[in-house]
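Report on one structure; see the data block that follows.
The values are calculated or read from the model by the stated rules, or taken from the named source; none is laboratory data. All values reported here derive from a predicted model rather than from experimental measurement. Positions of Cβ are backbone-derived with ideal geometry, glycine not excepted, and every protein chain shown enters the neighbour counts. Only protein heavy atoms, including side chains, enter the accessible area calculation; ligands, DNA and RNA are left aside. Shrake-Rupley method; radii C 1.70, N 1.55, O 1.52, S 1.80 Å.
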Amino acid sequence: MYEAYWGLSRAPFQNVPDPAFFCPLPVHLEVLGRLPYVVDHGKGAALLTGEVGCGKSTLGRVFLSQLDASKYDVGLVINPALAGRDLLHEIALQLGLSRPSPHRSVLLRALADHLLANAERGAATVLIVDEAQTIADEAVFEDLRMLLNFQLNDRYLLSLILLGLPELRTRLARLPSLNQRIAFRLNLSFLNPEETAFYITFRLKKAGATAPIFTDQAMDLVYRETGGIPRSINNLCDLCLYDGWKRRAEAVDASVVEAALAFV
């Protein structure tokens, strides 16, 4: 709608976890540097937390997109708020098991055989559980622990990566048998003013911008109004581009941002 007006090839601020728009900020690169270590060295589990809208899901998708399909068997669970057996069934489906058994013991055995078969052919098995704080049934966490019990002498057969809100740390602390298997923990914080400006500029360039669109004052105002939350930045910047197009503005300046704020 507004893309052609601003010289863009696509909308730059869609709120979906698109790896193409991954912004390489230092904390994000730190996460992506540690996750391969956990997976390639069979360290067990990793935990990535952050407040709503900080970019956890996007980082998870970026990490998965970097894995060679011939060397990694990957599964992604985006709605883990299921009963224990149902989540095991979903995990089996995500890892490509056909017609998983409805019986927990049989399902666990099938998953164990699958993990071992992957290891024997030199492939690592990776499971990402997004929104893990929504798991209500502690039996589900016990099943995740059971999956981490499948090991060789020198490594775990499964690399489990949990993504969730900060409250997930507190819940895991009450489950030492699972918590002790987490090799590292990282927490995403909100962006600072400089990171916010870099984030906005980066996404615009990825969408095809060849000249500045947002003024410095506009980006400062976006930061103040969003608190540096990437999801909120996306929402506001998208509205700014729309309102700027409607007003036939030459750039997105502070006045355009102020007008867009009426609709946030």
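Can you tell me, using C-alpha contacts under 8 Å and at least 6 residues apart, the relative contact order of the chain as a whole percent?
28
Grab the DSSP H runs of the chain that are 4 residues or longer, score each as -39,500 (n - 2.57), total them, divide by all residues and round the 222 nm result to the nearest 500 deg cm²/dmol.
Using -39500 (n - 2.57) per qualifying helix, the result is -14500 deg cm²/dmol.
Any lysines with Cα under 22 Å of the LYS71 Cα? List them, leaving off those in the same chain fewer than 8 positions away.
Partners found: LYS43.
With label points built 7 Å along Cα→Cβ from the Cα atoms of HIS103 and ASN149, find their separation and express it in nm.
Inter-label distance under the simple model: 1.8 nm.
For the range 53-130, which trypsin sites (Lys or Arg not before Pro) are in a loop by DSSP, counting at most 10 other Cβ atoms within 10 Å?
ARG121
So how much accessible area does VAL27 have, in Å² to the nearest 10, using a 1.4 Å probe?
50
Quick one: ranking MET146, MET1 by accessible area, 1.4 Å probe, largest first, what do you get?
MET1, MET146
Between the range 57-114 and the range 158-204, what is the C-alpha centre distance in whole Å?
If we compute the Cα centre of each part, the gap is 21 Å.
Relative to the longest principal axis of the C-alpha atoms of the chain, give the angle of the C-alpha long axis of helix 230-246, reported between 0 and 90° and rounded to the nearest 10°.
Taking the Cα atoms of the chain, the angle to 230-246 is about 30 degrees.
Taking the Cα centre of the range 103-162 as the origin, how large is its charge dipole in debye, to the nearest 20, when only Lys and Arg (+1) and Asp and Glu (-1) carry charge on their Cβ atoms?
260
Using 0.36 nm per residue, how much length does the chain from GLU258 to LYS71 gain when fully extended, once their Cα-Cα distance is taken away?
Result: 62.4 nm gained on full extension.
Find the all-direction average of the projected area of the Cα convex hull for the chain, expressing the result in square nanometres with one decimal place.
15.2
Can you say what percent of the DSSP beta bridges in the chain, counting only those with both residues inside, are antiparallel? Round to 5.
About 5 percent, rounded to the nearest 5.
In Å, the Kirkwood hydrodynamic radius of the range 1-154 over pairs of distinct alpha carbons?
Evaluated on the range 1-154, it is 17.2 Å.
For the range 62-116, what are Rg and Dmax over the alpha carbons, in angstrom?
According to the Cα coordinates of the range 62-116, Rg and Dmax are 12.0, 34 Å.
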